[in-house]
Amino acid sequence: MVTRGFTGRQRSPDIAKRLPPGQSLANDFPVLSAGPTPHISTEDWTFTLKSGPKPLARWTWEEFNALPKTMQTRDIHCVTKWSKLDTLWEGVLIDDILAAAGLDRPPTPYTLAHSYDGYSTNVPTADLLGGKAMVALSYAGAPLAPDHGGPARLLVPHLYFWKSAKWVSGLQFIQRDEPGFWELRGYHIYGDPWREQRFAGD
Ligand SMILES: Nc1nc2c(c(=O)[nH]1)N[C@H]1C(S)=C(S)[C@@H](COP(=O)(O)O)O[C@H]1N2
Ligand SMILES: [Mo]
């Protein structure tokens, strides 16, 4: 059975292999937000790195755009059971943000991402490094649309998509893992789609 916008069966085997358990292919790009889309002008936008309460570095839009940029094609997986293959992003790798802040290693084992809409999400710092995550500024060759998190969003494609904080305002390094917005509301603390870690206890 095929539902409009989703096709679960009769995929070629290599596509099937790229779908984590319980996921179906989305052909469109659904928008999922807990609240209304905030509109942040690039003139007001800043990105801040903190260790606990202590600010480490801060960039304006212009300064941030001068950092080295990387393009990545990645599969993304939403906990509401859609996946999208081969999505194309451009942005600044978290590795390059740390380097620009003069950090040769991350200060703490955990990180909280914070957003302009008050959203937050927690990720082990190691999951943000080694080319695994970026602050994305563009999607499919165009500036990131406001509904999808523009001007800038976190992209952590190997975890469920709620970890990819839209309208990201900064990263805060923390000593102990602390749940973010959805993790406080029952989503899994880590969120590996390949282990189907949708909810706390999965
Ligand atoms: N700031 C912020 N980031 C967010 C959300 C949100 O409500 N606010 N929703 C999350 C959830 S649950 C998902 S599935 C993805 C959806 O991203 P999309 O709207 O670009 O598909 O964004 C994540 N990032
Ligand atoms: Mo989601």
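Data for the structure
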| quantity | calculated |
| --- | --- |
| Values of log10 I(q)/I(0), in the order q = 0.13, 0.17, 0.18 Å⁻¹, for the range 45-195 under a Debye, Cα-only, solvent-free model | -0.52, -0.93, -1.06 |
| For the range 29-69, convex hull of alpha carbons as volume per residue, Å³ | 147 |
| Among 165, 150, 57 the positive-end extreme of the charge dipole of the chain (Cβ point charges) | 165 |
| Candidate aspartates and glutamates for bridging to residue 54, where Cα separation is under 19 Å - those fewer than 8 sequence places away on the same chain excluded | 104, 177, 178 |
| J(HN,Hα) series, the range 77-86, from Karplus relation 6.51 cos²θ - 1.76 cosθ + 1.60, nearest Hz, glycine and proline x | 9, 8, 5, 7, 5, 9, 10, 10, 9, 6 |
| Area of residue 42 that stays accessible when all protein chains are in place (1.4 Å probe, Å², to 10) | 60 |
| Whole-number percent relative contact order across the range 45-195, with pairs defined as alpha carbons under 8 Å at least 6 apart | 27 |
| HN-Hα J in Hz across the range 90-97 - Karplus 6.51, -1.76, 1.60, θ = phi - 60°, x for Gly and Pro | 9, x, 10, 4, 4, 3, 6, 5 |
| MRE, 222 nm, helices only [DSSP H, n ≥ 4, -39500 (n - 2.57), over the chain, to nearest 500] | -2000 deg cm²/dmol |
| Cut-off under 5 Å, modelled amide H: who pairs with residue 199 long-range | 188 |
| Neighbour-limited loop hits for trypsin sites (Lys or Arg not before Pro), the range 125-202 (at most 13 other Cβ within 10 Å; DSSP other than H, G, I, E, B) | 176 |
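The values are calculated or read from the model by the stated rules, or taken from the named source; none is laboratory data. Not measured: the values here are computed from a predicted model. Methodologically, a virtual Cβ is constructed for each residue, glycine included, from the backbone with ideal geometry; neighbour enumeration extends over all protein chains shown. Side chains included, ligands, DNA and RNA excluded: accessible areas come from the protein's heavy atoms. Shrake-Rupley method; radii C 1.70, N 1.55, O 1.52, S 1.80 Å.
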